[in-house]
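Reading through the structure tokens given below for one structure.
Please treat every number below as a calculation from the coordinates, not as lab data. Note that this is a predicted model, so its numbers are computed, not measured. Quick reminder, even Gly has a Cβ in these numbers, built from the backbone with ideal geometry, and neighbours come from all protein chains shown.
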């Protein structure tokens, strides 16, 4: 296997197929692989099952009609709590959904990464998550306690898309954000994992403190895409914060006649370098402040 | 902070209803022990912070993002230069660790669900219509299933009415309550621990028979009948129902320090005073 895994975003999307189950890393408005998502929006790809702690990428993929089924615990942009295009798709009855507790979701990814069929949990018992997902089953402890748990099935992914701060051509990655979130679990749950990266090195040479920022092994990584500001308009600490002006504009487009088409025309039907120029370039994005909560 | 003290009268009569609710909500975290206090949203977060600064310094809190802090962080922009608030970190609490904390039960969260029913079941997912084609899609069940079955939980309702406190059951049970019909034999309900619901009319608890919801205290100028009318299921009341206490001068000063940009003013429409004028 070639150890130069660098690919273009278009080459990554060319490796994806209609109907695939696609995991997307990050959380809400945090560290979404938006360059890769925009490339999907530009492609004819369809009928995807999207598995995500959802943010604007879910709304965009829904608006573009790419999503057949959504596996999620929430979809939100935090500062704008209700994701407009997710709501539209959900309220139109246009989505198949597997709605899960955030922890069940994590358990599903863990199970997949460990090649288990399920992991037991109490999360979800007693709720309508069970009622609305009839495929979920329970299991009794084989020990004396006999407690009955929910058996969270593995969330196996055909592919995972992640965004990282630094990577090399071999697929080594660094996440410098304060919170690595659950990206490593997406990488483990997927047959193929593609990362976009702010900075691409030929080969990382690290001291111990920096090496600790590597959260999953390069053998999990199938492709590396160099994508400066590739999480915009979501935030990718410490490199840049979220673009609230852009998210507000995106949000407002959902209330306008032909709003999504207009958004697509302006921000998607162009190259990534044109996109970056339209949103103010590296200079502006690099100055976007990380949110204060 | 001194400027604030000089310019703001600390007379309790100037307290807003939101401030009264924040003080009432802070009581949820009293005598919880060393647990992670998670107040989600403006008022619950100020309430948790107030609890830590007054009666319960043993509480753990985060910066609402990734780190544990030894002092609650004021809401909103933290200033720049000499006057800036510098967080005092004492540890780490990534999302992954929050889940581990949740499953181990050492947490008390307070959130504002869209619907609550007589069992204390809550909904943050969809309202109205059918599940497949809901009238209103909200956030999703988020962490409510796991939170509610693992650790202490309280709720904050700024708009007490029958659309929130629904008859029957909530449209999509996201957080569990005390409803044994939803638990098969062998499923453990032992860790379900609902504490308070703080609303703009009253404080409710789960101290009735079979954990039935009771009115614990009424806010100044509110009657039990008024609360009952605004609730889609029958309420009990505690034997010696008190009036919800007004914030003290000390509590008001702390609230203003914790929320220097007065974000709490948007908690309730028109930011009414704690003591309602006769209508």
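Could you name every one of the strands (runs of 3 or more DSSP E) located completely within the range B:21-106 that has at least 2 residues being within 14 Å of another protein chain (Cβ to nearest Cβ) and in contact (Cβ under 8 Å) with a residue 40 or more places away in the chain? First the steps, then the outcome.
Working: elements: B:36-39, B:67-69, B:89-92.
Here the list reads B:36-39.
The rows are residues; the columns are (1) under 30 Å from residue A:144 (Cα atoms); (2) in contact (Cβ under 8 Å) with a residue 24 or more places away in the chain.
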{"position": "B:166", "(1), (2)": "no, yes"}
{"position": "B:169", "(1), (2)": "no, yes"}
{"position": "B:186", "(1), (2)": "yes, no"}
{"position": "B:194", "(1), (2)": "yes, yes"}
{"position": "B:217", "(1), (2)": "no, yes"}
- prompt: What are the residues in the range A:99-118 that are more than 10 Å from chain B (Cβ to nearest Cβ) and surrounded by 21 or more Cβ atoms within 10 Å (Cβ to Cβ), if any?
  reply: A:108, A:109, A:111, A:112, A:113
task: Please identify the pairs in which a residue from the range A:280-293 that is touching a residue at least 24 places away in the same chain (Cβ under 8 Å) has its Cβ atom under 9 Å from the Cβ atom of a residue that is assigned to a helix (DSSP H, G or I), counting only partners at least 6 apart or on another chain.
output: A:282/A:276; A:285/A:276; A:288/A:244; A:291/A:244
message: For a quick check of your reading: which strands (runs of 3 or more DSSP E) sit entirely within the range B:160-242 and have at least 3 residues that are farther than 27 Å from residue A:102 by Cα and out of contact with any helix residue (DSSP H, G or I) (no Cβ under 6 Å at 6 or more places or on another chain)?
response: B:214-218
message: Here are the criteria: (1) surrounded by 14 or more Cβ atoms within 10 Å (Cβ to Cβ); (2) over 18 Å from the mean Cα position of the chain (by Cα); (3) under 30 Å from residue B:71 (Cα atoms). Tell me which single one residue B:259 does not satisfy.
response: (2)
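Looking at A:41, A:61, can you tell me which residue is away from chain B (no Cβ under 14 Å), closer than 23 Å to residue A:12 by Cβ and buried (at least 24 other Cβ atoms within 10 Å of the Cβ)?
Numbers: A:41 fails: buried (at least 24 other Cβ atoms within 10 Å of the Cβ).
Step by step, each of A:41, A:61 is checked, and only A:61 is away from chain B (no Cβ under 14 Å), closer than 23 Å to residue A:12 by Cβ and buried (at least 24 other Cβ atoms within 10 Å of the Cβ).
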message: Take the conditions buried (at least 23 other Cβ atoms within 10 Å of the Cβ) and either within 7 Å of chain A (Cβ to nearest Cβ) or touching a strand residue (DSSP E or B) at 6+ places or on another chain (Cβ under 8 Å) (or both) and apply them to residue B:160. Does it pass?
response: no
task: Working carefully through the options A:69, A:46, find the one that is closer than 27 Å to residue A:11 by Cα, surrounded by fewer than 24 Cβ atoms within 10 Å (Cβ to Cβ), free of Cβ contacts under 8 Å to residues at least 60 places away in the same chain and away from chain B (no Cβ under 13 Å).
output: A:46
- prompt: What number of residues in the range B:121-151 are outside any loop (DSSP other than H, G, I, E, B), surrounded by fewer than 24 Cβ atoms within 10 Å (Cβ to Cβ) and more than 8 Å from chain A (Cβ to nearest Cβ)?
  reply: 2
